[in-house]
Amino acid sequence: MATIAAPSWSIEPVGPLQGDVTVRGSKNAVTKHMVAAVMGESPSTIRNCPQIGDIEITAEMLRSLGCLVDVEGETVVVEPNGIDGGRVPLSYGGLNRIPILLVGPLLHRMGEVFVPLVGGDRIGSRPLDFHVSSLEAMGAEVRMTPDGLEAKALGLRGARIRLPFPSVGATETVLLTAVLAEGRTVVENSAVEPEVIELALFLQRMGARIELRPDRRFVIEGVDRLRGAEHRLDGDRIEAFSYLVAGLVTGGRVRVHGCAQGRLVTAISTLHRMGARFEITDDWLAVSAGQLRTAVVQTDAHPGFMTDWQPPLVVLFSQCEGMSVVHETVYEDRFPYVGALQKMGAEIELFDACLGGRDCRFNESTAMHSAVVRGPSHLRGAEITVPDIRGGFGYVIAAAAAEGPSLLHDVHHLERGYHRPLEAFAQLGLHISREGPPAPS
Ligand code: EPU
């Protein structure tokens, strides 16, 4: 069988990026809403959806189970009544994180489930132990096989669960399973990322009984049935931050529409500390650089500084005068992308110690999870391969700030999660030429 070459982007820097970008709903919310919709007794409609590869992958996965999924412009409609199978085909293995989230909803519908191994970015070991032990606590029998995960349950029941770390995906697994389980589920140390809250609100609209109590505790009373619901997604805070930083890195000014200030609080306060100048209205946020200062930043669960904001921030640090530090506490292996930045001329050194903050779970491991960045560096264009979605965006803005052209391979990682990125960059004045198979439509 002929293999289709992965797409690549050529980037010719043009100086400061200036202009407006509108972001749509977030990648990390839309697919979870599609999974929730599987449990409704009527269709669900999700609006303000981005045009990204992850929606296509998830839509195909749901269709393979018998759902009707209609993706039309910015609207996705999921009609789950035709579901007639609980086996997600192996061909959907390794593409994104969604299969594991389908386990609870499919158990409710079919009693027996197979999902292939999950994929997503290679940014750490990303085990599924919290998902598995939560499903087991709620009465599922789970078996890991070399190909994926098999589960069965005669009836799921509420449970008291404490997550060892506030995992986004494991919290979502518990929410998506507990809403139709019999009785009460209490989940402590939950993730409370805006995308998780958005999913909980969508489930509430479907008829679920969910409360968020203090101290990261969700309490869910199982109900007998859920109906379809409608929701307009809130703006993608990762994209919003990434484009704002694209402006700062190149000494320009970017105005982002479509993402509320409240979703960017820690990003704004961090950039403020560095000397960035914000203008914020109900409709947009704009940022421009004064004399930017260095900073010490630690990534963390919400409301901490998001791990997905980390790669653009590192590129920004490479343009600030002096030494900055990033301590990555969410993933143990989120710095492989820095090799290419070093090749472009950035001065970045990695450490296995917990630098610039409290000790984290990776203290005393050999994981290189702290970075010291010395700037400003004169970046040179390069030919590089994108390792993951957020590192990839870091490369684009580094290429925009560099001297000379760059060629980025494997940009399908970016196209899985950014809404029409070439158009967005063109609006900022950066024209990127693309080669390869068609982009997500
Ligand atoms: N973890 C475990 N065991 C588990 C689950 C998680 O040890 O069973 C660990 C992970 O290895 C990691 C930490 O817990 O060290 C946090 O992982 P989490 O479960 O929160 O991540 P996720 O749900 O797999 C989502 C986003 C990520 C984002 C993280 C953290 C999606 C599809 N992905 O991943 O987004 O970084 O939450 O906010 O929602 C991205 O968009 O680029 C991306 C990687």
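The values are calculated or read from the model by the stated rules, or taken from the named source; none is laboratory data. The structure displayed is predicted, hence computed values, not measured ones. FYI the Cβ positions are ideal-geometry reconstructions off the backbone, even for glycines, and counts take in every protein chain you see. Heads up: the accessible areas ignore ligands, DNA and RNA and are worked out on the full protein's heavy atoms, side chains in. Shrake-Rupley method; radii C 1.70, N 1.55, O 1.52, S 1.80 Å.
What's the angle, to the nearest 10 degrees (0 to 90), between helix 53-64's Cα axis and the longest principal axis of the chain? Roughly 20 degrees, rounded to the nearest 10.
Got the relative contact order for segment 27-232 handy, in percent, Cα pairs under 8 Å and 6 or more residues apart? Over segment 27-232, the number comes to 21 percent.
Projecting the Cα atoms of PRO127, PRO164, PHE114 onto the charge dipole of segment 112-183 (Cβ charges, centred on the Cα centre) puts PRO164 farthest toward the positive pole. Report note on the peptides 198-204, 166-172: ranked by the mean count of other C-beta atoms within 10 Å, highest first, their order is 166-172, 198-204.
Of the accessible area of the chain, with the probe set at 1.4 angstrom, what percent is carbon plus sulfur?
The computed percentage sits at 48.
Charges at C-beta only: +1 for Lys and Arg, -1 for Asp and Glu. How large is the resulting dipole of segment 341-386 about its Cα centre, in Debye rounded to 20?
It comes to approximately 160 debye.
For segment 27-232, the dipole from Cβ point charges (+1 on Lys and Arg, -1 on Asp and Glu) about the Cα centre works out to 480 debye, to the nearest 20.
Taking a ≥ b ≥ c as the square roots of the eigenvalues of the Cα gyration tensor, an a/c ratio of 1.5 or more together with a/b no larger than b/c marks segment 252-315 as oblate. For segment 295-412, relative contact order (Cα pairs under 8 Å, six or more residues apart, normalised by length) works out to 28 percent.
Could you tell me what % of all Cα pairs in segment 257-383 have separations over 26 Å? Roughly 23 percent, once rounded to a whole number. From most to least packed by mean Cβ count within 10 Å, the peptides 385-391, 315-321, 257-263 give 315-321, 385-391, 257-263. Among the GluC sites (Glu not before Pro) in segment 361-438, those placed in a DSSP loop whose Cβ has at most 11 other Cβ atoms within 10 Å are GLU364. Magnitude of the Cβ-charge dipole of segment 274-361, K/R +1 and D/E -1, about the Cα centre, nearest 20 debye? Taking the Cα centre of segment 274-361 as origin, the dipole is about 180 debye. Which values of log₁₀ I(q)/I(0), to two decimal places, follow from the Debye formula for segment 96-192 at q = 0.12, 0.21 Å⁻¹ with a uniform point scatterer at every Cα? The Debye formula, applied to the Cα set alone, gives -0.33, -1.03. Sequence-distant contacts, meaning Cα pairs under 8 Å at least 6 residues apart, place the relative contact order of the chain at 21 percent.
In terms of overall dimensions, the C-alpha atoms belonging to segment 27-232 reach 40, 37, 34 Å along their principal axes, ordered largest to smallest. Within the shell defined by Cβ-Cβ distances under 12 Å, the residues around GLU188 carry a net charge of +4, with Lys and Arg each +1 and Asp and Glu each -1. A cut-off of 5 Å between modelled amide H atoms, ignoring neighbours fewer than 5 places along the same chain, links LEU226 with GLU41.
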